[in-house]
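Please treat every number below as a calculation from the coordinates, not as lab data. Please read these numbers as outputs of a predicted model, since none were measured by experiment. Cβ sites come from the backbone with ideal geometry, for glycine too, and all protein chains shown count toward neighbours.
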Amino acid sequence: MLGLKLETDPRWINIAEKNLEEVLTDHAWCEQKAASNAISIVVGWPEHTDLVDSMLAIAKEELLHFEMVHDKIKERGYKLGFERKDDYVNDIYKFMRKGHKRHFVLIDRLLFAAMIEARSCERFKLLSENVKDEDLRTFYRDLMVSEAGHYTTFLGFARKYGNQYEDVNARWQQWLDFEANVMKDYGKSETIHG
């Protein structure tokens, strides 16, 4: 369903499980950034009412996820910690078209968001199937379903607002190819995308 061209190195789950505090803190900040991204799409393209409605709903859900992850952190006696830099997101951001006409920027903004959601969904699936902590297995299974919904929402809006300007499916394949190349350097740290 996700179309990712390079799966996460299976050794990542072992790395992640050795430092769940770091994974949870990184995950919390990922949710905050996802909420901010949805709001920035609203700010950039307010003329698309249905897009605004969906992005507001996603922003609310991502903030709820942030709170849920923070609750898991507290339950385990951990502290949230400071925001982490997300090298993966910064690397795939480089593929986004900037300085183009607004419709091309919107297409890439939506595909960029879909890509992050797809990779997060894949990582959450790995956690839900492999982490020893049963509570976290269930937690990540539920979040995986939510991330899959966000992925399809972003991809659907890219097609809706972009297909009149270019073949969005072809552009998505370019994103998938680029991301697979980027992922060759990841899967080695205890972060959601690392």
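Values for this structure:
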read-out: Label-point separation in nm, ARG102 to LYS85, each point 7 Å along Cα→Cβ; value: 3.4
read-out: Candidate lysines for bridging to LYS79, where Cα separation is under 18 Å - those fewer than 8 sequence places away on the same chain excluded; value: LYS18
read-out: Across LYS72/LYS160; LYS60/LYS85; LYS60/LYS94, pairs whose alpha-carbon gap is larger than 32 Å; value: LYS72/LYS160
read-out: Residue order, fewest to most surrounding Cβ atoms within 10 angstrom, among THR8, THR25, THR49; value: THR49, THR8, THR25
read-out: Neighbour-count ranking [beta-carbon atoms within 10 angstrom, fewest first] of GLU47, GLU17; value: GLU47, GLU17
read-out: Value of [θ]222 nm, deg cm²/dmol, for the chain, DSSP H segments ≥ 4, -39500 (n - 2.57) each, nearest 500; value: -25000 deg cm²/dmol
read-out: Label-zone membership for region 145-168, site GLU75, 7 angstrom Cα→C-beta point, backbone N under 20 Å; value: 145-147
read-out: Candidates per chymotrypsin sites (Phe, Trp or Tyr not before Pro) in region 77-149, loop by DSSP, up to 13 other Cβ within 10 Å; value: PHE82
read-out: Positive-pole candidate from TYR165, GLY3, PHE66, dipole of the chain, charges at beta carbon; value: TYR165
read-out: Region 64-107 residues near the modelled TYR165 label - backbone nitrogen below 17 Å, point 7 Å along Cα→Cβ; value: 95-107
